[in-house]
1. Among residues belonging to segment 66-100 that are β-branched (Val, Ile, Thr) and at pLDDT below 75, point out the one that is farthest from residue 41 (Cα to Cα).
2. Can you tell me which residues in segment 42-61 are in a helix (DSSP H, G or I), exposed (fewer than 15 other Cβ atoms within 10 Å of the Cβ) and small (Gly, Ala, Ser)?
3. Restricted to segment 62-106, and to residues that are exposed (fewer than 15 other Cβ atoms within 10 Å of the Cβ) and polar (S, T, N, Q), which residue is farthest from the chain's Cα centre (by Cα)?
4. When you scan segment 1-41, how many residues do you find that are of a type in the set (A, V, I, L, M), within 20 Å of residue 79 (Cβ to Cβ) and part of a helix (DSSP H, G or I)?
Amino acid sequence: MINFIIWIIVGALIGWIASLIMKTNSRQGLIIDIVVGIVGAFVGGLILSPLFNVSTINEGNFSIPALLVSLGGAIILLAISKLFRNIGGFLLVVVILLIVIIYFNCWPMASTSAFCTSVRALPFLP
């Protein structure tokens, strides 16, 4: 039970620091700070933990590296939410995701679909 309370408090602290860094503090309260901190730790666990080989606060690790990875995940979460606030940012994210999907699906020469063949035939691709 005490670990759960510490997890909530540290999540709130991480969410608050991330909102200060991303300048969204005036728009969110304590509950949103807690959600941003905990969900940001989850995002950090997916994206940053494999890179740095450090667990997050969601796994019960409250060390400095785990706090920094959780903070990085919260900052990534707030940056993505800021992108989705306007239609231009949303379209930018969609275009980037489509390019990544096409790259990983069509770049290997083993894929012989008509779409991948036409993508590889574009003049601006090497």
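The values are calculated or read from the model by the stated rules, or taken from the named source; none is laboratory data. Bear in mind that the values here come from a model prediction, so they are computed numbers and not experimental data. Here the Cβ positions follow ideal geometry from the backbone for every residue, glycine too, while neighbour counts run over all protein chains shown.
1. Taking the candidates together, the pick is 87.
2. Of everything in segment 42-61, nothing turns out to be in a helix (DSSP H, G or I), exposed (fewer than 15 other Cβ atoms within 10 Å of the Cβ) and small (Gly, Ala, Ser).
3. Per the criteria, the residue is 105.
4. Within segment 1-41, residues that are of a type in the set (A, V, I, L, M), within 20 Å of residue 79 (Cβ to Cβ) and part of a helix (DSSP H, G or I) number 14.
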